[in-house]
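This report refers to the structure that appears directly beneath it.
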């Protein structure tokens with residue numbers, strides 16, 4: 001199963017493709033590492049994001065989108081733009097999309113810790129949370 005793990009930060013969707021093959025994680029190369037929206041009230045920009053993201057999922061034969069859950073209020077609350085990006089991903093036709101909660105993620109990482117450096121697998125620092133989300137989801 002190949003997933004696209006997503007970590008939403010303000011107006012960005014940081015992504016990481018991950019595949020679990022015979023108990024080993026594979027992180028395939030991907031032409032995109034993040035999507036940035038400058039104006040979430042611009043309908044065309046949101047449509048463009050959704051179409052670009054859907055095309056990426058199709059091109060890389062992704063089976064499921066896994067979005068890291070964010071609180072709706074409080075210190076670490078997600079932004080309004082982030083929730084719009086989440087909705088745009090959830091509404092992609094013929095694509096399975098799940099929001100992975102922090103408690104599920106913590107429990108999975110506690111059972112099966114991920115002991116690899118981002119540099120070893122060719123990821124950037126801003127992709128760390130997406131990578132951890134994907135690993136935790138595939139190990140749950």
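For this structure, a couple of remarks:
- Scanning the range 1-24 for residues that are touching a helix residue (DSSP H, G or I) at 6+ places or on another chain (Cβ under 6 Å), at pLDDT below 95 and not in a loop (DSSP other than H, G, I, E, B) yields a single hit, 20.
- Any hit, the range 93-104, residues being over 16 Å from the mean Cα position of the chain (by Cα) and closer than 21 Å to residue 72 by Cα: yes
- Residue 66 being within 28 Å of residue 20 (Cβ to Cβ) and touching a helix residue (DSSP H, G or I) at 6+ places or on another chain (Cβ under 6 Å): yes
- Residues of the range 37-68 that turn out to be modelled with pLDDT under 95 and outside any helix (DSSP H, G or I), as a count: 6
- Residue within the range 72-84 that is part of a loop (DSSP other than H, G, I, E, B) and either modelled with pLDDT of 95 or more or surrounded by 16 or more Cβ atoms within 10 Å (Cβ to Cβ) (or both) present: yes
- Looking at 136, 130, just one residue is modelled with pLDDT of 95 or more and in contact with a helix residue (DSSP H, G or I) (Cβ under 7 Å, 6 or more places away or on another chain), and that residue is 136.
- Members of the range 50-59 found to be surrounded by 12 or more Cβ atoms within 10 Å (Cβ to Cβ) and more than 15 Å from residue 13 (Cβ to Cβ), listed by number: 58
- Residues in the range 26-49 that are in contact with a strand residue (DSSP E or B) (Cβ under 9 Å, 6 or more places away or on another chain), in contact (Cβ under 8 Å) with a residue 24 or more places away in the chain and closer than 23 Å to residue 135 by Cα were compared, and the one that is surrounded by the most Cβ atoms within 10 Å (Cβ to Cβ) is 35.
The values are calculated or read from the model by the stated rules, or taken from the named source; none is laboratory data. All of these numbers come straight from a predicted model, not from anything done at the bench. Cβ sites come from the backbone with ideal geometry, for glycine too, and all protein chains shown count toward neighbours.
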